[in-house]
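Student: Following this message is one structure expressed as structure tokens.
Read-outs throughout are calculated quantities, based only on the coordinates presented, and are distinct from any laboratory measurement. Bear in mind the structure is a predicted one, so any value in this text is a computation, not a measurement. A quick note on method: Cβ atoms are made from the backbone with ideal geometry, for glycine too, and the neighbour counts reach across all protein chains shown.
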């Protein structure tokens, strides 16, 4: 190296961290939307909840239920994948409310819940 060092031009500034965060959030929401689109295509517009002793629901599905939930977990990691989401009916007596109200419990046998798992009513 020679002294004094040769001037090679201005040093480029790093990209602002705010823009990096916005890009990560956009890619996450884009992936979540595309996986939700797969869920809607898979269901054919019908609720995908299967309750033991009652069978599969026949109502029209309205909302997407993330089966892996928790503070900061929804739409991140495996929760974003279509296999861990369900297209469910909603409303005062809909399955989405029954699931989130813990009236229905998924039977997943100790693994992460999948869309084709059955539910049972909690007594």
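Student: Under a 10 Å cutoff between Cα atoms, tell me which one of 81, 104, 19 has the largest fluctuation in the Gaussian network model of the chain.
Tutor: Answer for the Gaussian network model of the chain: 19.
Student: Could you tell me the center-to-center distance, by alpha carbons, between segment 99-123 and segment 11-39 in angstrom?
Tutor: 31
Student: Now a separate question. Figure the gain on full extension for residue 25 and residue 116 (residue separation times 0.36 nm, minus the Cα-Cα span) and round it to one decimal in nm.
Tutor: 29.9 nm
Student: Let me ask something additional. Run lengths n ≥ 4 of DSSP H only: what is the helix-derived mean residue ellipticity at 222 nm for the chain, with -39500 (n - 2.57) per run over all residues, to the nearest 500?
Tutor: -9000 deg cm²/dmol
Student: Shifting gears a bit: Could you tell me how many degrees, from 0 to 90 and to the nearest 10, lie between the Cα long axis of helix 17-43 and the main elongation axis, the longest principal axis, of the Cα atoms of the chain?
Tutor: The angle comes out near 30 degrees.
Student: Which distance in nm do the two modelled labels at residue 34 and residue 93 give, with both placed 7 Å along the Cα-to-Cβ direction?
Tutor: Going from the residue 34 label point to the residue 93 one covers 4.0 nm.
Student: Continuing with the same structure: What residue among 51, 39, 88 shows peak mean-square fluctuation when the chain is described by a Gaussian network model with Cα springs under 10 Å?
Tutor: Residue with maximal mean-square fluctuation among 51, 39, 88: 51.
Student: Rounded to the nearest 5, what % of the DSSP beta bridges within segment 45-121 are antiparallel ones?
Tutor: Percentage antiparallel, nearest 5: 90.
Student: Of (1) 0.93; (2) 1.00; (3) 1.32, which is the value of Rg/Rh (Cα atoms, Kirkwood Rh) derived from the coordinates here?
Tutor: (3)
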